[in-house]
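Heads up: the structure comes next, in structure tokens.
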Amino acid sequence: MTGTSKNQVADVPRGTTISGKWNKQTYQIMKKLGSGALGTVYLADSVKGRVALKIGTDSMSITSEVNVLKQLSMVQGTVLGPFFYEIDDWERSGKKFPFYVMEYIDGEPLFTFINRRGKEWIGILMLQLLRDLSALHREGWVFGDLKPDNLLVEGSPPTVRWLDVGGTTPMGRSVKEFTEFFDRGYWGLGNRVAEPSYDLFSVAMIVLNAGYPKRFDRPKKDAEHYLMNKIESSQLLKEYKPILRKALLGKYGYASEMRQELFALLQGEKTNVRKNKVNSSHSRVAARQTRPKAKKKRTGWVETVLLVAFLLFFYTLYLVGHIF
Amino acid sequence: MKKGTLRQILLITDGCSNQGEDPVAMAALAREHGMTVNVIGVLDENERTEGLKEIENIALSGGGIHQLVYAKQLSHTVQMVTRKAMTQTIQGFIHKELQSILGHDKEIEDLPPDKRGQVVEVVDELGETMDLEVLIMIDTSASMQHKLPTVEDALLDLSISLHSRIGENEYALYAFPGKRKQVERLMDWTPILKDIHTIFPKLTTGGITPTGPALKEAIDAYQKKRSKRGLLDDGYIEESSS
Ligand SMILES: Nc1ncnc2c1ncn2[C@@H]1O[C@H](COP(=O)(O)OP(=O)(O)O)[C@@H](O)[C@H]1O
Ligand SMILES: [Mg+2]
């Protein structure tokens, strides 16, 4: 697209060996994972095991992403984004292609996971995401291009992971890479200055996207009203309204604030649900935990409810990494 | 390193010029004056563009970037092209600096990857903090009329992005063809781009698209602005030629 037209990287076939010009490491291409504006990501085999390799054409933008990944890899204690291994150039028929190597995240796209496992996961995964964002913000960064495509759910217990730090911006600067639906500037609900509330708006829009898989365009005017209507007319979104509203209007200064309120809301809701349908429990954990109980003499239903609620509470805590 | 001002001409059009000077030559002239010319071609769905070659050539000789888009994606594109063009100009400048340190025909790619990080940081820093002047030149010929509301949205979106930067911004807005003249000034230099819907001309003479004269006018506007501020102007960054 630039005036000095850049040559695209043609797809690299399976089995190709990529060797780095500077560090001399080699990588065996296994398959293509995806591609975007800046390059293509491949799964590759190496002495480090399975890794993800992003091959681009523009060494400045590849370097820019590496700058962010390096900084994030230095943060102790938390895993923020894929772990960074190295950056190098690959020479292929006389041309140089910059690439970098990072941890392979063997996960499932966010919405694929939610559709398979159930809508109740939205709240839990958002809690996790908010915890990670809180850590990221504390380090002085804003994610920027937060959207379902950049989120994967990995492992057991399911953990949300993010990819593509192309939009990650130092606090106080302007966000350069974003996706309209998740960008508050597009909705006329704020600027593009990198601050925690920028990401929190995107988190709210990810939840909206779960309710409206096809997304929707902005209205001619009064986007605020329009979005509130969208929330209210969705069975799924309605219950999150107070939190979504605050996030969309930039009322949360910190991810931890939003997280706490979402946590409280989920707690209230879970206990209520349990009270109403103890017998038709559809939660796997709850089912597993109540089965032995049923064999015993009839336990009072109040106790069952309390127990289930209690276990669920701990399970949630566990999932969002509060304890253990 | 002295912090200067980036000067851009942003041309939004949908087709071929058919009157006056050759726009490609005018773009080359603009570049000589230290401006870059970026061109966005706005298409209707299913439209094929005959002006493609011209759009490409204007940007090429103007040292800028070009992009064809459907009206729907215009907002995202305008801000992206503007920012990319800024980065490109700054990179060209850094490139020159690097050559004076590393020796000629050395590229950023000749640096070991680990050293490139610092170069990128400098580029980012400048892109964020440098002042920017954008002269927006809009084709308002008959075929563009129904696209103007989208153009307006895109310009507002551009201003959101630019105002989120730390550096200062100034805009000027021109349309061609104008009601009486070939080119008409809609808005003089201003730090805030708003209320533009009130100033887009409602009706224009169909048939003519004087892109070349429009670019010439843009250069003049920059010249006037500079002389108004006096001869001791803050330095500007010139596009490197490679
Ligand atoms: N570390 C990784 N592990 C697994 N898959 C990845 C990884 N990085 C990227 N991908 C896949 O490749 C796709 C494109 O990568 P991304 O970095 O988002 O590129 P772009 O910046 O061009 O959008 C992602 O949507 C994801 O599916
Ligand atoms: Mg992506």
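The values are calculated or read from the model by the stated rules, or taken from the named source; none is laboratory data. Since this is a predicted model, take the numbers as computed values, not measurements. Every residue, glycine as well, gets a Cβ built from its backbone with ideal geometry; the counts of neighbours run over all protein chains shown. The protein model used for the area step is the full one, side chains on, heavy atoms only, and it has no ligands, DNA or RNA in it. Shrake-Rupley method; radii C 1.70, N 1.55, O 1.52, S 1.80 Å.
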Of B:LYS202, B:LYS216, B:LYS224, B:LYS179, the only residue that is modelled with pLDDT of 95 or more, more than 14 Å from chain A (Cβ to nearest Cβ) and open to solvent by 60 Å² or more (accessible area, probe 1.4 Å) is B:LYS216
Those residues of the range A:123-146 which are open to solvent by 10 Å² or more (accessible area, probe 1.4 Å), within 16 Å of ligand 1 (Cβ to nearest atom) and touching a residue at least 60 places away in the same chain (Cβ under 8 Å) amount to none
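For every residue, the table says whether it meets (1) out of contact with any strand residue (DSSP E or B) (no Cβ under 7 Å at 6 or more places or on another chain); (2) within 20 Å of B:VAL120 (Cα to Cα).
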site	(1), (2)
B:ILE9	no, no
B:VAL42	no, no
B:LYS53	yes, no
B:LEU74	no, no
B:ILE94	yes, yes
Restricted to the range B:88-110 and to residues being part of a loop (DSSP other than H, G, I, E, B) and without any contact (Cβ under 8 Å) to a residue 12 or more places away in the chain, the residue surrounded by the fewest Cβ atoms within 10 Å (Cβ to Cβ) is B:HIS104
Of the residues in the range A:148-186 that are touching a residue at least 60 places away in the same chain (Cβ under 8 Å) and in a loop (DSSP other than H, G, I, E, B), the one that is nearest to the other protein chains (Cβ to nearest Cβ) is A:ARG184
Expected output for the range B:14-39 (first residue basic (Lys, Arg), partner assigned to a loop (DSSP other than H, G, I, E, B) and buried (at least 18 other Cβ atoms within 10 Å of the Cβ), Cβ below 7 Å, 6+ apart or cross-chain) is B:ARG31/B:GLY62; B:ARG31/B:GLY63; B:ARG31/B:GLU239
Per the filter on the range A:128-147, residues within 14 Å of chain B (Cβ to nearest Cβ) and either within 17 Å of A:PHE111 (Cα to Cα) or within 16 Å of ligand 2 (Cβ to nearest atom) (or both) are A:GLY144, A:ASP145, A:LYS147
> Is it the case that the range A:63-71 has a residue that's in a loop (DSSP other than H, G, I, E, B) and not assigned by TED's automatic domain parsing to the domain that holds A:GLU154?
Replying inline: no
Taking the range B:45-67 and keeping only residues that are open to solvent by 50 Å² or more (accessible area, probe 1.4 Å) and closer than 18 Å to B:HIS146 by Cβ, one is left with B:GLU45, B:ASN46, B:GLU47, B:ARG48
In the set A:THR179, A:THR159, the lone residue that is among the polar types (S, T, N, Q), assigned by TED's automatic domain parsing to the domain that holds A:PRO242 and within 16 Å of ligand 2 (Cβ to nearest atom) is A:THR179
Some residue of the range B:129-149 being within 11 Å of another protein chain (Cβ to nearest Cβ), open to solvent by 60 Å² or more (accessible area, probe 1.4 Å) and part of a helix (DSSP H, G or I) = yes
Matching residues in the range B:29-40 (touching a strand residue (DSSP E or B) at 6+ places or on another chain (Cβ under 9 Å) and open to solvent by 10 Å² or more (accessible area, probe 1.4 Å)) number 2
With criteria (1) within 16 Å of ligand 2 (Cβ to nearest atom); (2) open to solvent by 40 Å² or more (accessible area, probe 1.4 Å); (3) in a loop (DSSP other than H, G, I, E, B); (4) not β-branched (Val, Ile, Thr), A:GLY15 comes up short on (1)
**Asked** open to solvent by less than 40 Å² (accessible area, probe 1.4 Å), within 23 Å of A:PHE111 (Cβ to Cβ) and either modelled with pLDDT under 50 or touching a strand residue (DSSP E or B) at 6+ places or on another chain (Cβ under 9 Å) (or both) - does that describe any residue in the range A:272-291?
**Response** yes
A:ALA37 fails exactly one of (1) within 16 Å of ligand 2 (Cβ to nearest atom); (2) within 18 Å of A:LEU152 (Cβ to Cβ), namely (2)
When every residue in the range A:45-67 that is farther than 14 Å from B:PRO113 by Cα and within 23 Å of the chain's Cα centre (by Cα) is compared, the one farthest from the other protein chains (Cβ to nearest Cβ) is A:ARG50
Here the residues within the range A:189-209 that are open to solvent by less than 10 Å² (accessible area, probe 1.4 Å) and either free of Cβ contacts under 8 Å to residues at least 12 places away in the same chain or small (Gly, Ala, Ser) (or both) are A:ALA194, A:SER202, A:ALA204
Considering only strands (runs of 3 or more DSSP E) wholly within the range A:79-125, the ones with at least 2 residues that are within 14 Å of another protein chain (Cβ to nearest Cβ) are A:84-92, A:95-103
Would you call A:VAL175 away from ligand 1 (no atom under 16 Å from the Cβ), buried (at least 23 other Cβ atoms within 10 Å of the Cβ) and at pLDDT 95 or above?
-> no
Checked the range A:25-45 for anything closer than 21 Å to B:LEU111 by Cα, assigned to a loop (DSSP other than H, G, I, E, B) and at pLDDT below 95; matches are A:LEU38
